[in-house]
Structure formats: structure tokens, C-alpha cells
1. Could you check Arg458 against (1) within 28 Å of Ala338 (Cα to Cα); (2) crowded, with 18+ Cβ neighbours inside 10 Å and say which number it fails?
2. Where in the stretch 397-509 are there strands (runs of 3 or more DSSP E), lying wholly inside it, with at least 1 residues that are within 22 Å of the chain's Cα centre (by Cα)?
3. Taking Val32, is it more than 23 Å from Ala219 (Cα to Cα), within 16 Å of ligand 2 (Cβ to nearest atom), within 27 Å of the chain's Cα centre (by Cα) and in contact (Cβ under 8 Å) with a residue 60 or more places away in the chain?
4. Could you tell me whether Gly112 is surrounded by fewer than 18 Cβ atoms within 10 Å (Cβ to Cβ) and among the small types (Gly, Ala, Ser)?
5. Looking at the structure I just gave you, is Ile441 within 15 Å of ligand 2 (Cβ to nearest atom) and either without any contact (Cβ under 8 Å) to a residue 60 or more places away in the chain or of a type in the set (Ser, Thr, Tyr) (or both)?
6. Name the pairs: first residue in the stretch 50-69 and modelled with pLDDT of 95 or more and in a helix (DSSP H, G or I), second residue of a type in the set (S, T, N, Q) and near ligand 1 (Cβ under 10 Å from one of its atoms), Cβ to Cβ under 6 Å, at least 6 apart or on different chains?
7. If you check Leu29 against the conditions, is it within 16 Å of ligand 1 (Cβ to nearest atom) and either closer than 19 Å to Thr228 by Cβ or not in a strand (DSSP E or B) (or both)?
Amino acid sequence: MSVAAPDIDANPVLSARDVVKHYGGVQALKGVDFDIYPGTVTTLFGENGAGKSTLMKILSGVEQPTAGQLILDGAPVVFTSTVDARDRGISIIHQELSLSPNMSVADNIFMGREILRFGQVDYREQARQAAALMTELEEDIDPATPVGELRVGQQQIVEIARALSARSRILIMDEPTSALSAAEIEVLFKVIHDLTERGVAIVYISHHLEEALEITDYAVVLRDGAMTANEVRAHIDLAWIVRHMVGDHYDLGSPPDGYDFGDTALAVEGLSVADATKADRLAVENLDLSVAAGEIVCIYGLMGAGRTELLETLAGNTAARTGTIRLAGAEISHRSIAQRIAAGLCLVPEDRQRDGLVQTLSVGRNLSLASIPEFIKRLFVSNNTERGLVDDGIRDVHVKTDGPDAAIGSLSGGNQQKVVIGKMLATRPNVILLDEPSRGIDIGAKAEVFKLLAERARQGVAVVYSTSEVSECLSIAHRIIVMSRGRIVAEFGPDTTQEAIMAASGESA
Ligand SMILES: Nc1ncnc2c1ncn2[C@@H]1O[C@H](COP(=O)(O)OP(=O)(O)OP(=O)(O)O)[C@@H](O)[C@H]1O
Ligand SMILES: [Mg+2]
């Protein structure tokens, strides 16, 4: 399909011409033309595996194109490495965090680009500049803190700060907001606005379409490695993006009906959890919650409301300070993570890169990993069984992969997340906990996950779904619980409104 040139009153600063990328037998890009303009936010839309990250890696020197050409300031260019691209003014914020957890915030920001004074690293100056960047991003993080101690969203801020510190004229942001709070996203958008005012060219990728549309000047859609549409902001809306992304309209649906729930599947009483970052504070405070078999409960709240701490504690990753947790009546408060999984409880964690996947194993092994104890228990470790389970997993959550033997790292970011969800569902749990599961997955995949959860609920599974997107609560929940500062502050039925939920959480709609 030939695509018309946009009506933008400037010359592109960086272009891709007929760029092709093969990974073995996979054709990730099939001859893409792509232009980036100074002072302009170009948003790149497309389903999981469409080729967005691949194109960005080529534009930032991480990967070399199989064929085609890059043009910088009107002249052909070859980036030999990321350092080479960075020296020419191009920075990238990667979809997967690339920080060293044991190093400090400041050391991470200046890694590979240390500030020198008399031939020595000037740690004081690095700390000063890092602190200034944190102020610019309105984040209260001490530059001396080891990155591993920060929550995922804060790590993402450090990743952003690192890219900003290079003061590049082209800044690529691949899913920069997947773990950020609404307030942090607002600050980032302010920063993006200031950058474009100064003439910086931005490329922005996000599966949060409404959010991306807010800052779009120029939109480009990729589908199966080819550009299917491009248009300036004035001529597009959400429906345009979805139509060109998936060629179809996806409805996330309304909550499943049928309110004949079973017995109580999960009962939490008086649960308190210490705050990992502030010892004198509680992340979860004296919380009671009961979820019936077949019920889908959404936990809505802002970042820092305590949702992640609650789910991590239920799953056994974090110790409770007080309280009891019961699964179908049996107390599990002192059981290990593996014992809880065996008892039918599973968690799709927020930080899927860290907790969800083993990067050295194949797609298939990752999918069956959590279920293997079940097979051992039945003395039934058969390859066929495992293969069947893996095939089901790949099909159920629509993982786009070459096959079960593909390396997990060869999947696109969103497809890796689908594997984590599939892996947990494969354990055939009675209670499924999901922490922001839709982050980074495309809207078709989200609809599939919702369908799967509704189906499991009908079969009697209890689902606890934590989200910071109100629209998701209204699409899936039988019951919506609002958390704020570690407590449940409101509870709604499925007929409530977006405004009511947001008001209860302390946000203004
Ligand atoms: N290192 C690799 N080896 C093999 N295949 C790869 C590799 N990297 C990407 N691919 C494949 O290239 C295709 C495009 O992947 P890419 O990561 O660019 O998608 P994406 O549009 O960024 O998706 P997402 O929204 O999920 O992040 C996918 O089919 C993916 O599996
Ligand atoms: Mg990607």
C-alpha cells in the first residue's frame, strides 16, 4: 500500500528508506519508509510484533537493517553502534529496562558516558546533574540509591533521565510509560512538550492509545512489518488508529453476566504489609477482602495505593506483618510461593521482565515452568503433556512466535507479556491475581485476555485484577474496589461510572 506524505512544514531530520529486517526466517520489517521531523512528536502504532521496536532499534544503532537505508540531515548514514548513533544526537528509551540494579541512579544515568575531571570520573558532578534531572522529572529519588531498590515506575524514570541527559536532538521512547503513574506521565508529557519546543524530534510508542493520541503530532501505523497509514493529528482519532492497526473494531465488552457465584475462594482478614521504602509506613493497612469463586474483582487505584504490595503478599512474595489469608477456607498465610501455586493461587506480576520470565529458556519452557510441579506430583512428566500445555498457552493468549522452541528474547515486548499470562493460566489456578496485566499488550490481545478471564470465571475461578485504567474495570469486573493509601476506600457494582470510581480514588475526572 502506498502512503501519502504528511503535510508537515519541515524536512525530516532522520528517515528510513525501504528498510528490511530479517531475524532468521522472520521478516520483522518488509521495506518501511519512515520520517522523523524536528519539533514533532511522531507516534508509532501497531499490534504486538508489528515491528515497532525493531524499526526503533535500527534508527538508534542497536540493530543493522538487512536492506534499505537511513538518511540523517539529508545524507545517507550508517550507525555502527548505539554509541555512534548517540554521538550523532539520537537516544532511545528501551521498552525493556536496561539498567544495572546494583549501581546507583547517578551511575546508571551516566553509564558509558561518565563525566570526567582530570581523567577521573567526577562523581560529585554526576550526582549533581542526576539530581537536577530528577527535579526536572519531579521525582523524589536520591541519585545515590541503588536502582534495584526502586519500584518499577521509578526505574523507568531513571531510564528516561538517562536518555534526557544526553540532550539529543532525536529521542525515541519505546513504551516509556508502561509503569508510570498518571502524575508521572503528566510530567513526562510536559517534558516532551518542552523538548519539541526546542526543536527535538520525538518518536513515541505506546499501547495506551488515548494517552499517545494526547501528544501526537504525526501518527504512523505499522502492521506486520509494513507501514499501513500515516497522518497528521488533525485528521485522525482513536477509531482511525484501531482501524489501521487491526483492520477491525475491537470491543473490550461489558462485564460477564451471571452472578451465581460459588463459595468464598479467597478471604483476607486484617492484612497489613510494611512499606519497603519507608519503614514507618504501611503499604497495606488492616485490609479485609473476600472474593467468591466465579467472581471478577477489579482493584482500582493510583500508583502507590498499595495494590502491588497486596497482590505480592497474597502470592507469598512479600511477608505480611499481620492478618490471615485463606484459600477455600484453608489458611495459607505461612505457606511458600510454590505451595500457594500448588494450592491453586497464581499471580501475574507487575514486573514481568524480572519476575515473570527466564530469559535463557525457550517460549515453551517459560510457558510450562510454573506448571511443572503439577506434573511431577502426578509422576506424569511427559513431553506430550507439556507440549500440549504449551500449544494451548500459545494459542490461548495469541502469542506471536515461530514456535515453542523460539528464544523468549526473540519475541516482541508485548508477546513476552502474553507468555507470562499464559504461563500462569496454565497452572489451572482457582484464584488468579493479575497486576496491571494489560500494560504493553495491544488492544486485540487485551480483548482476548478479558475473554479468557471471563471464561475462567464462568468455570468457577476467582479473579482479582489490579489496574490503573478505569475503563478496564468497567469492561470486566463484577465488583470494583478502590484502594488508596493501603486501604479500601470504596466499592462499586458493575453499573457504576468512570467519574464515581475516579472521585473515590481521589482523582478528578
Ligand atoms: N532478536 C530477535 N530474534 C528473532 N525475532 C525477533 C527478534 N526481535 C524481534 N523479532 C521478531 O520481529 C517481529 C517484530 O518484533 P518487534 O519487537 O519489533 O515488535 P513490536 O511492534 O515492538 O511489538 P510490541 O508491541 O509487542 O513491543 C516479531 O515477530 C518478533 O518476534
Ligand atoms: Mg516493542
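1. Evaluating Arg458 over (1) within 28 Å of Ala338 (Cα to Cα); (2) crowded, with 18+ Cβ neighbours inside 10 Å leaves (2) as the failure.
2. 431-435, 462-467, 479-484
3. So Val32 does not fit the description; no.
4. yes
5. Numbers: within 15 Å of ligand 2 (Cβ to nearest atom): yes; either without any contact (Cβ under 8 Å) to a residue 60 or more places away in the chain or of a type in the set (Ser, Thr, Tyr) (or both): no.
In short, no.
6. From the stretch 50-69, the pairs are Ser53/Gln95.
7. Taking the combined requirement at face value, the residue satisfies it.
Residues are listed down the side, and each one gets a yes or a no for (1) more than 21 Å from Ser98 (Cβ to Cβ); (2) within 16 Å of ligand 2 (Cβ to nearest atom); (3) crowded, with 22+ Cβ neighbours inside 10 Å; (4) modelled with pLDDT under 90:
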{"position": "Pro143", "(1), (2), (3), (4)": "no, no, yes, no"}
{"position": "Ala183", "(1), (2), (3), (4)": "yes, no, no, yes"}
{"position": "Val203", "(1), (2), (3), (4)": "no, yes, yes, no"}
{"position": "Ala219", "(1), (2), (3), (4)": "yes, no, yes, no"}
{"position": "Arg223", "(1), (2), (3), (4)": "yes, yes, no, no"}
{"position": "Ala229", "(1), (2), (3), (4)": "yes, no, no, no"}
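The values are calculated or read from the model by the stated rules, or taken from the named source; none is laboratory data. As the structure is a computational prediction, the values presented were derived from the model and not from experiment. All Cβ positions, even for glycine, are placed from backbone atoms using ideal geometry, and neighbour counts span all protein chains on display.
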